[in-house]
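Worksheet: the structure to be examined is printed underneath.
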Amino acid sequence: MTGAYVADAEGCSRTRLTRDRILEAARQELGRDPDSSVGDIAEAAGVVRRTVYGHFSGRAALVEGLVEDAAWALRQALAVPEDRASDVVTALARFVLAVWPVGDRYRMLLRLAPQDLGAERVAEVLAPARDTATAIIARGQRQGVFQASIPPGPLSRALEGHLLGLLECVNAGTWTDDGTRAATAALIAMGVDDGLAVACVRRLGRSKWIGS
């Protein structure tokens with residue numbers, strides 16, 4: 001009985017590893033060419049197409065698998081409780097620094113055709129980030145720290161467009177960033193003084209390495 005259980009566990013582990021390898025190949029191939037086929041992805045993963053179809057029903061299912069991974073990664077990035085004692089400038093900078101690596105890893109999804117990613121699915125995936133950003137911006141506006149000419153909701157969507165636009169530039173090879181310049185630009189766009197924005201992001205960068 002124990003031997004059968006171990007065999008089943010090992011089989012599940014191999015299945016998961018194969019699935020993950022296929023998804024990683026899909027991420028890389030779709031980043032290289034948004035029109036990559038199942039055959040292209042299978043070849044990159046080092047498996048036959050039949051193996052891919054054993055895990056995913058087709059290209060659309062592969063894309064959905066990547067979307068699910070991106071959604072999970074985004075939820076994990078936002079899972080750290082916000083320090084309500086911290087100032088809103090720091091809170092927004094931390095938010096951008098947290099979500100940027102997720103956006104950078106899955107930026108190939110931005111290049112897919114509209115039919116690959118429906119607007120409703122995109123909204124569902126981005127909902128946690130949108131809610132978090134809106135809450136931080138609303139708090140910053142109440143405190144008079146962020147510009148208040150635009151309501152929190154629309155301003156949050158403008159910030160989202162700003163970050164997605166920068167990721168598109170990374171896709172195009174015209175810009176690279178680890179998130180620090182994106183965070184600084186986001187703060188400045190919200191009305192934060194340039195010097196304060198730079199100092200805040202630098203401080204957070206230092207704390208990442210010294211563990212404070």
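Rolling a 1.4 Å probe over the protein heavy atoms of the stretch 95-186, with every protein chain left in place, gives an accessible area that is 58 percent carbon and sulfur.
Here each label is just a point 7 Å from Cα along the line to Cβ, and for GLN76 and GLU43 those points are 3.1 nm apart.
In the chain, the longest principal axis of the Cα atoms and the axis of helix 119-142 are about 20 degrees apart. Using C-alpha pairs below 8 Å separated by at least 6 residues, the relative contact order for the chain is 20 percent. For GLY191, the residues whose amide H sits under 5 Å from its own are GLN147, ignoring neighbours fewer than 5 places away on the same chain, with H placed 1.01 Å from N.
Distance between the pseudo-spin-label points of SER57 and ASP35 (7 Å out from Cα toward the beta carbon): 2.6 nm. When Rg and the Kirkwood radius Rh are both evaluated on Cα atoms of the stretch 31-75, their ratio Rg/Rh stands at 1.00. Full extension of the chain between ASP20 and ARG157 gives 46.1 nm of extra length, using 0.36 nm per residue less the Cα-Cα distance.
Evaluating 6.51 cos²θ - 1.76 cosθ + 1.60 at θ = phi - 60° for every residue in the stretch 37-43, the Karplus couplings come out as 8, 4, x, 4, 5, 4, 4 Hz, glycine and proline recorded as x. Recomputing Rg and Dmax of the Cα atoms in Å from the coordinates shown identifies the correct label among (i) 17.1, 54; (ii) 17.9, 58; (iii) 20.2, 67 as (iii).
Just from its helices, what would the mean residue ellipticity at 222 nm be for the chain, if runs of 4 or more DSSP H residues each count -39500 (n - 2.57) and the sum is divided by every residue, rounded to the nearest 500 deg cm²/dmol? The helix contribution divided over the chain gives -24500 deg cm²/dmol. Per residue, the chain exposes an accessible area of 55 Å² to a 1.4 Å probe, with every protein chain left in place.
The values are calculated or read from the model by the stated rules, or taken from the named source; none is laboratory data. No experiment lies behind these values; they were computed from the predicted model shown. Using ideal geometry, Cβ is built from the backbone for each residue, glycine included, and neighbour counts are taken over all protein chains shown. Keep in mind that these areas ignore ligands, DNA and RNA; they rest on the heavy atoms of the full protein, side chains included. Shrake-Rupley method; radii C 1.70, N 1.55, O 1.52, S 1.80 Å.
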